[in-house]
Structure formats: structure tokens, C-alpha cells
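Data block below; observations after.
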Amino acid sequence: MAARPIQSNIEKLPDFVHMNDLACEITGAKVLFATDDWFAAAENLLKSEAPQWKSQEFTNFGKWMDGWETRRKRIPDAVSDLPPRGEKIGTAASEEEYEAIGKLKSESWTELVPMTILQPGYVDTCHHYFPVQQQKRWTHIRLNMYPDGGIARLRVYGIGHNDWSAISQRQTIDLVAMANGGVCMGFSNAHFGLPNNIIGIGRSKVMSDGWETARRLDRPAILKADDQGILQVPGCEWAIFKLGHPGLITDIEIDTNHFKGNFPDSCLIEGCAISPAEERENIKTEWKSCMSLKWKILLPITKLKPHQQHFFSIKMQDVVTHVRLTIKPDGGISRMRLMGHPCSFPR
């Protein structure tokens, strides 16, 4: 299996990789067309987990690869006599498939990343990161590979978009959901899983599809709890999220699905209303100055249980734009839902 990323590696990555991966199978992304899937199908590009290397595994078409890999191109004509593709190896696009996909006119789409030389898939050269300057709404992506070869994963980082003009202020909606434009803006620790996972679609299927921190080493030798059973420990971990739309939160769900021996003892959720300028300033300082923000408690410190959905109804009178989830002392959460009503930004 591929090595699990550690915190020191995560800190060296570009900031945009902490945003939502919009081209992922768990967000509903799909491959509509691929010219050739001889060694490995293009659907592998959208897998959420890291690619695996199995040195001894082969198929009837060659080496088994956990990615998208085409044949070595030998003919000028793109159409071949292979079986039409269908999420399986040893296939290629048919003339009918080329004709159907041609209606999208993808050859004239806006260029997001210019043609760029890639490095081989060794541990120290396999990852390539490209910032995109075109800040617009996109629904489809075309990946061009020259002249042939293999790519393990495609990640398209960004923010989801919802048509809020079609949503009534009386309607209840998950304001922090990835699909509605919610996004993680900063966090203290993500040793085993990034916090943007917890605003994903549906319940998590595995533990890695959640936010999990490293074990804190500042826990006292003898643990003590208060009258509510909440551990009295000095340390905590946190993550800050921007809502898809300013809103009034009425209901909260915290799901510790799959986290049985490593769930947090308790959590705290706070909210505040800040302007884009204030957000940019806090991002620059990695939220080190966020303690000065006027955080208001949405959910007080609350005891959590393993492998369970927790539901809370709250009475909040203030519209918020951002929330801070704090867990004590460490551990993992699979999902957070913040149900509420979209409202105008408070003046």
C-alpha cells in the first residue's frame, strides 16, 4: 500500500490542497469519456484513496496499475478496433463515442493549466501541483495526456457552488456541506485525515474518509473528568470552516462513524461573522489571531461517543459566516452537518 502522509509532509503542500476535491468519486464525479484504457481505466483517476503499487500483480493486458494508463501510441488515427470502453481495461473509445463526446466541443474549452512536462512516478517526483488563475464556475474538466502513458490520480481543488437565489430563507439546508459551497479554511492538525472530509457527501464508508488528528502528547499521566464525564485535559485540536452562505444555524450533527477507539472525548462548536477582508487576513496568519474574533458558542463542550451520530438542536439568534470545531484532546470525526437557514450577511 502507498505510504500514509504525515503531518510534516502536509504542511509543505500548497494551501489549495486543503480545499475540496471536486473531481472525486465520493462527490459524484464521473468519467464521461476516455480515448484509451488499455492498462488501467480512467475511473481510477477519481478514487479518493491514495494509489497502490502491487509489484507482482498482472492482467491479461499487462502490469496492473492503480491509475489511468493507455497503450503506447503507434497509430495516427485515434479510433481503434478495440471493444468500446466501459470502466474496464483493454478497451478504447469507439467512433460512436467520439461522435457523442464531440457535441461538447471540448477541444475549444478554456485552458486552466497549460501543457506542462511531468516527472516520473517516483516518491519524490510523482506529485504535481498547478494553481488555476481562472476563478470561474466550471462543471466539466478535460485532461489531456501527451503522447500517452499513465496518471495515478487527478485532484481538482476548489469550492462547490449552489444557486442560493433558488433557496428560500425559510428552507433548512446544510450550510457547511461541500456540495453547498462550504470549505475548510484552516486547522491545527491533520495527521491521518484532512478536516475537509467531514463536510463531504453522505456518511463516511471508511475511517480515512474523515478528519483524524495525531495523538497529543500533553495529556496528563492521570486522567480526570468533571461531573458530566468530560475529560479535563489542557490540549485540543481545531478546524475552521467557511459556510457556503451566511446563515442562522438551528441543528447540528456530529458523526463519529468508524471511530471506535480513537473518537474525541468532547467537542465545541463556535461561530462568528467576518468579512472577506478579515478572512484573508486570518488565512495569512494561519488563524493565529483568530482568538480576537468574536466567537459565539453554537454547541457548548459536549461529550461524544464512539461510532455514533450525535444530533443537537440549538437556539442561535446570530447569523454566522464561519464556524470553529474544537475537539478534545484529539481523535477523529467522520462528518459534521450544520443545518440552518441562509440569511443576509450581518451589517
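The values are calculated or read from the model by the stated rules, or taken from the named source; none is laboratory data. What you see is a predicted model; the values in this text were computed from it and never measured. Cβ coordinates were reconstructed from backbone atoms using ideal geometry, including for glycine residues, and neighbour counts include every protein chain displayed. With ligands, DNA and RNA removed, areas are computed over all heavy atoms of the protein, side chains included. Shrake-Rupley method; radii C 1.70, N 1.55, O 1.52, S 1.80 Å.
Tally the residues that are touching a Ser or Thr at 6+ places or on another chain (Cβ under 8 Å) and among the β-branched types (V, I, T), restricting the search to segment 190-221.
3
Per-residue answers, yes or no, for (1) surrounded by 19 or more Cβ atoms within 10 Å (Cβ to Cβ); (2) closer than 23 Å to E49 by Cα; (3) within 23 Å of the chain's Cα centre (by Cα):
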| position | (1), (2), (3) |
| --- | --- |
| L143 | no, yes, yes |
| Y146 | no, no, no |
| L154 | yes, yes, yes |
| G158 | no, yes, yes |
| H161 | no, no, yes |
| S165 | no, no, no |
| T172 | no, no, no |
| M178 | yes, yes, yes |
| C184 | yes, yes, yes |
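Kindly check whether there is at least one residue in segment 317-340 that is out of contact with any helix residue (DSSP H, G or I) (no Cβ under 7 Å at 6 or more places or on another chain), assigned to a loop (DSSP other than H, G, I, E, B) and surrounded by fewer than 16 Cβ atoms within 10 Å (Cβ to Cβ).
yes
Can you find even one residue in segment 241-254 that is free of Cβ contacts under 8 Å to residues at least 40 places away in the same chain, farther than 21 Å from R203 by Cα, of a type in the set (A, V, I, L, M, F, W, C) and not in a loop (DSSP other than H, G, I, E, B)?
no
So that you can scan it fast, the table gives a plain yes or no per residue for (1) open to solvent by less than 60 Å² (accessible area, probe 1.4 Å); (2) at pLDDT 95 or above:
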| residue | (1), (2) |
| --- | --- |
| V31 | yes, yes |
| D36 | yes, no |
| A42 | yes, yes |
| A50 | yes, no |
| Q56 | no, no |
| F61 | no, no |
| R71 | no, no |
| I75 | no, no |
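Out of (1) open to solvent by less than 20 Å² (accessible area, probe 1.4 Å); (2) under 21 Å from G200 (Cα atoms); (3) not basic (K, R), the odd one out for P306 is which?
Every listed condition holds for P306 apart from (1).
For segment 162-187, give me the residue count where each residue is in contact with a helix residue (DSSP H, G or I) (Cβ under 9 Å, 6 or more places away or on another chain) and among the charged types (D, E, K, R).
Total satisfying the criteria: 1.
For segment 126-137, which positions are surrounded by 11 or more Cβ atoms within 10 Å (Cβ to Cβ) and either free of Cβ contacts under 8 Å to residues at least 12 places away in the same chain or within 26 Å of G62 (Cβ to Cβ) (or both)?
C126, H127, H128
Has segment 273-293 got at least one residue that is assigned to a loop (DSSP other than H, G, I, E, B), within 23 Å of Q171 (Cβ to Cβ), open to solvent by 20 Å² or more (accessible area, probe 1.4 Å) and of a type outside the set (G, A, S)?
So in segment 273-293, the residues assigned to a loop (DSSP other than H, G, I, E, B) come out as 273-275, 285-289, 293.
Applying the additional criterion that residues be within 23 Å of Q171 (Cβ to Cβ) yields 273.
Now restrict to residues that are open to solvent by 20 Å² or more (accessible area, probe 1.4 Å): 273.
Filter again for of a type outside the set (G, A, S), leaving none.
Checked segment 273-293: no residue is assigned to a loop (DSSP other than H, G, I, E, B), within 23 Å of Q171 (Cβ to Cβ), open to solvent by 20 Å² or more (accessible area, probe 1.4 Å) and of a type outside the set (G, A, S).
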